[in-house]
Amino acid sequence: MKKRLAIFASGSGSNAKKIVEYFKDHPTIEVALVVSNKANAGVLDIAKSFNIETYVIPSKAEFTQTETLLQELYVSQIDFIVLAGFLWLIPEYLIEAYPNRIVNIHPALLPKYGGIGMHGIHVHTAVVAAGEKESGITIHYVDRVYDNGEHLFQAKVMLEPTDTPAVVQQKVLALEHANFAQVIEKVVNTLP
Ligand code: GAR
């Protein structure tokens with residue numbers, strides 16, 4: 001049986017789309033579920049266009065105080081969870097249920113520019129304000145602290161002094177699209 005992925009995303013889902021495309025017709029891995037905390041997230045339309053099941057988390061309280069989502073993951077027989085622009089902290093019960101089986105992508109070179117509030121364009125604005133000469137991506141395991149888990153992969157991109165946060169965002173997004181699915185493939189293929 002193929003390993004079954006769930007992708008969690010809060011936004012437009014361009015990374016999710018790349019991952020779904022990469023694993024379409026893959027011999028050992030499939031995307032089986034897309035989870036979002038926003039009922040109108042673009043990522044849900046992408047999932048539906050690929051006939052992938054979706055689940056919308058009805059509220060933050062349901063996410064943090066109940067294990068309804070965990071039941072959904074079990075019903076869908078999910079082996080591995082990918083956070084692709086998912087902005088809520090992952091609760092303890094999920095980390096315990098999926099030890100070393102949840103990965104996140106962060107649009108900067110952690111440990112710099114991580115933590116609460118550091119997501120999306122906020123990250124790139126901070127990178128430009130600090131006059132950084134490079135930025136990049138970090139793919140890491142998820143633990144109880146935002147952007148803290150063991151690193152699996154980093155890639156860098158050079159920045160120009162004239163780059164705006166929006167330009168940095170485009171450069172970093174291109175790196176994410178070029179690498180995320182391949183890193184997931186490597187990790188998932190080592191699962192027992
Ligand atoms: C990605 O750049 C991802 O690294 C970032 O959100 C974006 C989602 O874009 N995640 C974080 O900032 C997490 N702290 P997408 O919806 O187009 O894939």
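The values are calculated or read from the model by the stated rules, or taken from the named source; none is laboratory data. Everything quoted here is computed from the prediction, not taken from an experiment. Because the Cβ atoms are built from the backbone with ideal geometry, glycine has one as well, and the counts that use them run over all protein chains shown. Side chains included, ligands, DNA and RNA excluded: accessible areas come from the protein's heavy atoms. Shrake-Rupley method; radii C 1.70, N 1.55, O 1.52, S 1.80 Å.
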Just give me the residues in region 49-100 being of a type outside the set (A, V, I, L, M, F, W, C), in contact with a strand residue (DSSP E or B) (Cβ under 9 Å, 6 or more places away or on another chain) and within 16 Å of the ligand (Cβ to nearest atom), in sequence order.
T54, G85
Output for region 102-131, where each listed residue is surrounded by fewer than 19 Cβ atoms within 10 Å (Cβ to Cβ), more than 12 Å from the ligand (Cβ to nearest atom) and closer than 19 Å to H151 by Cβ:
P111, K112
All but one of (1) within 16 Å of the ligand (Cβ to nearest atom); (2) polar (S, T, N, Q); (3) in contact (Cβ under 8 Å) with a residue 40 or more places away in the chain; (4) part of a loop (DSSP other than H, G, I, E, B) hold for N15, so report the exception by its number.
(4)
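Looking only at residues that are touching a residue at least 60 places away in the same chain (Cβ under 8 Å) and small (G, A, S) in region 26-84, which one is surrounded by the fewest Cβ atoms within 10 Å (Cβ to Cβ)? Talk me through it step by step, then tell me what you get.
The first filter runs over region 26-84 and keeps only residues touching a residue at least 60 places away in the same chain (Cβ under 8 Å), leaving 26, 28-29, 73, 76-84.
Checking which are small (G, A, S) leaves us with 76, 84.
Working: S76: 15, A84: 26.
Among residues in region 26-84 that are touching a residue at least 60 places away in the same chain (Cβ under 8 Å) and small (G, A, S), the one surrounded by the fewest Cβ atoms within 10 Å (Cβ to Cβ) is S76.
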Identify the residue in region 18-48 that is within 11 Å of the ligand (Cβ to nearest atom) and among the β-branched types (V, I, T) and, among all such residues, is farthest from the chain's Cα centre (by Cα).
I46
Which of (1) closer than 28 Å to P165 by Cβ; (2) surrounded by fewer than 15 Cβ atoms within 10 Å (Cβ to Cβ); (3) of a type outside the set (F, W, Y) does R144 not meet, given it meets every other one?
(1)
What residue, among those in region 1-12 that are under 15 Å from the mean Cα position of the chain (by Cα) and assigned to a strand (DSSP E or B), is surrounded by the most Cβ atoms within 10 Å (Cβ to Cβ)?
I7
Here's a check for you: in region 153-162, which residue that is more than 14 Å from the ligand (Cβ to nearest atom) and open to solvent by 40 Å² or more (accessible area, probe 1.4 Å) is nearest to F80 (Cα to Cα)?
K156
